[in-house]
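Laboratory data are not the source of any read-out in this text; all were calculated from the coordinates shown. Fair warning: this is a prediction, and the values are worked out from it, not measured in the lab. Methodologically, a virtual Cβ is constructed for each residue, glycine included, from the backbone with ideal geometry; neighbour enumeration extends over all protein chains shown.
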Amino acid sequence: MWKPKEIIINEKVKNDPATKYFLNKCKGVPVTYVDNGRSTNIVENSKVLHSCGKKMLSQIIAGKQVVYISPAGTAVDLFDMPDDRMLCPHFDRLKLASNGCFYQCDWCYLKLTYRAAFPFITVKVEHDKIKKQLAKRLAQTKDSVIFNSGELADSLSMDHLTGAGREFIPWFGNTENGYLFMLTKSDNVDDILDLDHKERIIVAWSMNNDIISKKFEIGAPTFERRLNAAEKVQKAGYPLRIRLDPIVPFDGWEKAYAGTIKSIFDKVSPERMTIGTLRFEKGFYGMRNNIFTTGPELPGILDNMEPMFEPKLFDGLKSPKSGKYSFSEDKRTEIFKFVINEIRKYSDCKIALCKESANVWDDTGLELSKCSCVCQLGYADMS
């Protein structure tokens, strides 16, 4: 079971029960205390980050071995896309952890979105304060609200150290209108199988073809291990969903992903699937020849990418947005049509696209007015 190489703790939470739980699970790991949570202060006090050199990629990789234990702060907020042409339904976030995780998936957007400025994993404690934030949000509406805990970090990869699953799953199970969405690549599920979730906790696995996973999702469990974990969770009564993303169109990808999809449905019965392909922010794409750690193959696959949209300035932003860099709309449509056809051989589960254009939604035949993304409780009208 993974442990960090270094733990940095905010003095304000050194006696918090969750901090003590984390330290008890990490005996022998060096610990440093800081008086504030400024990123520069944490980096300055980290021996691991000081020993890795000044190159950004070296800092990013080293930071995956450093955990900062933080006060609750603002752990609950709302996510919305700044470029509304890249369709993505907004959702409530629960930030129990952020800045990514200890897996080294080459295409992780957090490499440059947060990790360049915050090159360490943040774990929030003060669970009682976080529950009060959740309760306040739930009291604002009679409608059901689903909170996504897997947008800024893996929802389960550190659960053996945080105990967050045993803390929050029963809590959500006892709410009247609260649901928890957990997105993961982990097979770290044994501690949550016996919990009273009352089907209010939805667990989704980020899956990929086994070849691709082994090459580019370094440190993450294999496809087979993830699939076995998903089967355990489904047998424990949790609603199960699958995210097949990013689909990588390497030579022979059709046959490979057809086998991946068959293997999924041979083992589990997801109620929803969200699919996506490779896409990158402009800065990330521009650094593609020196930001990846797994060699030249992946940059070669990306050579013909282009912005998804024409540049457009949105209210509140200082510079125009053009969506992410990805394959052409025709290529993305080709990929999605193939994958949807393969899924339909085995299931009539709901299918959605991740952060896509209206044109691609239309061309694949999916209903924009009934977006059934794995992160949504019901439907979102994206039309």
If amide H atoms are modeled at 1.01 Å from N in the peptide plane, then the residues at a separation of 5 or more from residue 180, or on another chain, having amide H under 5 Å from its own are 147, 201, 202
Give me, ordered by chain and number, the residues 5 or more places off residue 277 or on other chains with an amide H under 5 Å from its own placed amide H.
247
Tabulate in residue order the Karplus-calculated ³J(HN,Hα) for region 12-19, using 6.51 cos²θ - 1.76 cosθ + 1.60 with θ = phi - 60°, rounded to whole Hz; enter x for Gly and Pro.
5, 10, 5, 9, 5, x, 5, 5
Suppose we flag trypsin sites (Lys or Arg not before Pro) only when DSSP calls them loop and at most 11 other Cβ atoms lie within 10 Å. Which is the longest uninterrupted stretch of the chain?
143-317
Longest exposed-loop-site-free stretch of the chain, with GluC sites (Glu not before Pro), DSSP loop and at most 12 other Cβ within 10 Å?
200-383
Per-bin percent of Cα-Cα distances, region 6-370 [20 Å]:
28, 61, 12
Kindly write out, for region 363-371 in residue order, the coupling ³J(HN,Hα) from the Karplus curve 6.51 cos²θ - 1.76 cosθ + 1.60 (θ = phi - 60°), rounded to whole Hz, with x marking Gly and Pro.
5, 8, x, 8, 8, 5, 7, 9, 5
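Listed here are the pairs 20/232; 111/337; 14/124; 54/324; which of them are more than 18 Å apart at the Cα?
Details: 20/232 29 Å; 111/337 30 Å; 14/124 12 Å; 54/324 28 Å.
Listed pairs above 18 Å: 20/232; 111/337; 54/324.
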